[in-house]
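Input: a single structure, listed below in structure tokens.
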Amino acid sequence: MKELLSRCRAAVDRYGMIPDGASVAVGVSGGKDSLCVLLALDELRRFYPNRFVLTALTADPCFGGKETDYSAITEWCGQRGIPHIIRRTRLWEIVFTERRESNPCSLCARMRRGILHNMAKEAGCGIVALGHHADDAAETVMMNLLCGGRFAGLPAKSWLDRKELHVIRPLIFCSEALCERTARRMTLPVVKSGCPVDGDTERSRVRGLIEQLEDSYPDLRAKLAHAAQAAEDRQPPTVNPNQ
């Protein structure tokens, strides 16, 4: 837990993610990564010089037309004094039944982000925290290179003009292995995804490719994440013009 918290604080400090008095919405899917960022920010706010409040937001895709049971997460949040807001959606129905997308992940992710951003605004939050970690950043770089012909990772902090929201990724310096260890040791209430294509996505294929390449190019994942961070650091930050 100490290492996760230390790396989280390093990212928050480096990119000025959380100003004093902020209301931060944490997107909680039920997976280990989103719960790790919620845990880290909850621990951080106990001693961080900038005061901030947290709200956990969950957009339930309702896979298979059924509501997901997030009661364990709601109870865990309640023990920590964190409001947990759940919105039941038609994501599964739209993506898999009505649209029948050949590449459902892209549409589902876009729709889920839009729902989460709207929920954050309704909850009075100006910042949305996501659980993407360094491994996600590395995989995103590779996906963008292979599929889009461009070099781009996951920004640690960005400003959404249309929604007037900041999006932050406090785990950007954390590896997936660290998140796994933390979730296990802290017995976080992980809810298994009911997605019908879970584990069979473009991201999972790129993850496998990176693992193969690391046999010949050690630490490739960490190098990709570092390259993306270095490129981002050279770019002018996107900021709220009203600040």
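A few notes on this one:
- Among 204-212, 89-97, the order from most to least packed when residues are scored by Cβ within 10 Å on average: 89-97, 204-212
- Distance (nanometres) between label positions extended 7 Å along Cα→Cβ at Thr201 and Ala10: 2.6
- Computed on region 1-62, with alpha-carbon pairs under 8 angstrom and 6+ residues apart, the relative contact order is 42 percent.
- Extension gain for Met1-Arg46 works out to 14.8 nm (0.36 nm per residue, less the C-alpha to C-alpha distance).
- Tensor-based shape of the chain (alpha-carbon gyration tensor, a/c under 1.5 rounded, otherwise prolate or oblate): rounded
- A cut-off under 12 angstrom between Cβ atoms defines the neighbours of Arg80, and their net charge, with Lys, Arg +1 and Asp, Glu -1, is -1.
- Taking the accessible area of region 1-121, probe 1.4 Å, and keeping the other protein chains in place, the carbon and sulfur fraction comes to 47%.
- Net charge over other residues, Cβ less than 9 angstrom from the Cβ of Lys121 (K, R count +1; D, E count -1): -1
- Fraction of beta bridges assigned by DSSP in the chain that are antiparallel (%, nearest 5): 20
- When only Cα pairs below 8 angstrom with a gap of at least 6 residues are kept, the chain shows a relative contact order of 25 percent.
- Cβ-derived FRET efficiency at R0 22 Å, Glu67 paired with Ser193, nearest 0.05: 0.95
- The local environment of Leu165, defined by Cβ-Cβ distances under 14 Å, has a net charge of +3 under the rule Lys, Arg +1 and Asp, Glu -1.
- Subtracting the Cα-Cα distance of Arg99 and Asn118 from 0.36 nm times their residue separation leaves 4.6 nm of extension gain.
- Rounded, prolate or oblate (a/c below 1.5 giving rounded, otherwise prolate when a/b exceeds b/c) for region 14-136 by Cα gyration tensor: prolate
- In a fully extended conformation the segment linking Ser23 and Glu214 would gain 64.7 nm over its present Cα-Cα distance, using 0.36 nm per residue.
- In region 189-231, the portion of solvent-accessible area held by carbon and sulfur atoms comes to 52 percent [1.4 Å probe, whole percent, DNA, RNA and ligands not counted].
- Inter-probe distance in nm under a simple model that places probes 7 Å from Cα toward Cβ, at Arg162 and Arg184: 4.1
- Heavy-atom accessible area per residue - region 104-146, 1.4 Å, Å²: 36
- Accessible solvent surface per residue of region 1-62, calculated while the other protein chains remain in place, 1.4 angstrom probe, Å²: 36
The values are calculated or read from the model by the stated rules, or taken from the named source; none is laboratory data. Source: prediction; values computed, not measured. Using ideal geometry, Cβ is built from the backbone for each residue, glycine included, and neighbour counts are taken over all protein chains shown. Areas reflect the complete protein model, heavy atoms only, side chains present, ligands, DNA and RNA absent. Shrake-Rupley method; radii C 1.70, N 1.55, O 1.52, S 1.80 Å.
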